[in-house]
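Take a look at the structure set out below.
None of the figures in this text is laboratory data; all of them are computed from the coordinates on show. Just so we're clear, the structure is a prediction, and the values are computed from it rather than from any experiment. In this analysis, Cβ positions are derived from the backbone assuming ideal geometry, glycine residues included, and neighbour counts consider all displayed protein chains.
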Amino acid sequence: MATADGFGSQRVHKDADRADLYGGPNVVIPPSHLMASSHDRNLSSSKMSNQHIEEEVVSSEEESPQVDTPSSTPPVVTSDDFALAFDIDGVFVKGGEPIPEAVEAMKYINGENPYGIKVPYIFLTNGGGKTEEERCRDLSRQLEYEVDPGQFICGHTPMREMAEHYGTVLVVGGEGEKCRIVAEGYGFKDVITPGDIIKTQHDATPFRKLTDEEYKNSRELDLEKVRIEAVFVFADSRDWAGDQQIILDVLMTQHGQLNTRSETFDEGPPVYFSHNDVLWSTSHEHSRIGMGALRASLEALYKAVTGGKELKTVAFGKPQMGTFAFATRLLQEWRSETCGIDKPPATVYFFGDTPESDIRGTNEFNRSSEIEWYSVLVATGVWQEGTIPRFPPRKICKNIFEGVKFAIDREAQKLRGRGASFSMFTDDIKSIQLNK
Ligand SMILES: [Mg+2]
């Protein structure tokens, strides 16, 4: 079961207002064990590792960052002193389409900038509902750059760790059977969906009927035997009324035994949400309600139908500290595997559009992290220009392209302050090429 005390060497500071950020599940498995190691990923990692070996040959200074293979194009240096982490929805993508500056920003951080540097980066989204591999394929197409599952965390990624703790689980949300497939891929042994319960008890949800496709995919249950040990909301519910009815039914059982009803309403299984964002940014002009709204609704309903019992649920995702600690380890592994960088970065810039999750989490994590986590709020998503963000970022930028330019300029300025520059490294390579 999750505890709040497992953040490695992090020094935990908290007060009453921030305590909720530390109550999430403790994700302790190293990212390599949590990430699906697809064939594609192995290929791309080894390709990039070989590239690094060539890079080291031309690197002449002990303290120099790694350097790309010299070619006729300007040399590119991989920065080892800072890194980038990105939210996706409202930052790079909106309503399923890339925002206008997204591709330009990707080119910029991959070397097409005046300094000739590449910066390692990861994505940290609260979204979900698909396997990490499928989401990375979508993102690669949208951003015109390959995104690897090894640099990607979605809302339900850390739930993989819970698979060994529970036998039978109810998995809610997403399209069709996708979340059942994700959960089974994570190693959950017995995954039940609301569709299975509706197929078995057609009057469980009076106004929801299964489509032919749903009926075919759903599994009939033996209600005498099923005992649900935990409920996981993996992705946004497509049918709030039906899904909430079924979750409430499960919570009001005796220890998850489906054909029972508790007299005390305090013996139901735990409920986990993959994130707690009340709002999210879509193609609609105003933000839409999301999983955090369902969570609030479910807690309120539970109180109403049980005569005042409090329902305590648990959320993963941003702004939970466990998620940022997890992201730190993923970034470390990504930098090591693909760039050969074994030291932690001095600074990680986090770019998000939602003050309540992206900025709050980054700022709070920065309080206890040995690495500087620097929050950048972009104006292309949930947060609207002209309003005061509830959690103030270190920097506000119009869009992600402006954001990454700001971060790299700030790092260049830091170097200048130390009497150095990114171009010193590229100049070294140029002189090596000229002397050949
Ligand atoms: Mg967002």
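Peptide packing: for 165-173, 270-278, the average count of neighbouring Cβ atoms within 10 Å per residue gives the ranking 270-278, 165-173, highest mean first.
Partner lysines whose Cα lies under 17 Å from the Cα of residue 303, excluding those fewer than 8 positions away in the same chain, are identified as 312. When you filter the GluC sites (Glu not before Pro) in the range 197-263 for DSSP loop state and at most 11 other Cβ atoms inside 10 Å of their Cβ, you are left with 220, 224, 263.
Look at where the Cα atoms of the range 309-385 and of the range 105-125 average out, and the two centres are 18 Å apart. How would you classify the range 277-436 from its alpha-carbon gyration tensor, with a ≥ b ≥ c the square roots of the eigenvalues: rounded for a/c under 1.5, else prolate if a/b is greater than b/c, otherwise oblate? It is prolate, given that a/c is not under 1.5 and a/b is the larger ratio. Classification of the range 231-364 by its C-alpha gyration tensor yields a prolate form. The axis ratio a/c (a ≥ b ≥ c) is 1.5 or more, and a/b outweighs b/c. Using the structure shown, list the pairs from 225/309; 130/209; 94/398; 107/405 with a Cα-Cα distance above 18 Å, or answer none. Among 225/309; 130/209; 94/398; 107/405, the Cα-Cα distance tops 18 Å for 225/309; 130/209. With R₀ fixed at 56 Å, the C-beta to C-beta distance from residue 220 to residue 410 puts the FRET efficiency at about 0.40. Restriction of the GluC sites (Glu not before Pro) in the range 337-417 to DSSP coil positions whose beta-carbon has at most 13 other beta-carbons within 10 angstrom yields 370, 385. Across the range 290-297, rounded Karplus estimates of 3J(HN,Hα) from the backbone phi angles (6.51 cos²θ - 1.76 cosθ + 1.60, θ = phi - 60°) give x, 5, x, 5, 5, 4, 4, 5 Hz, Gly and Pro being marked x. In loop segments of the range 300-354 as defined by DSSP, the trypsin sites (Lys or Arg not before Pro) with at most 12 further C-beta atoms inside 10 Å of their C-beta are 312.
Cα gyration tensor of the range 277-338, axes a ≥ b ≥ c as square roots of the eigenvalues: rounded (a/c below 1.5), prolate (a/b > b/c) or oblate? Note, shape of the range 277-338 comes out oblate.
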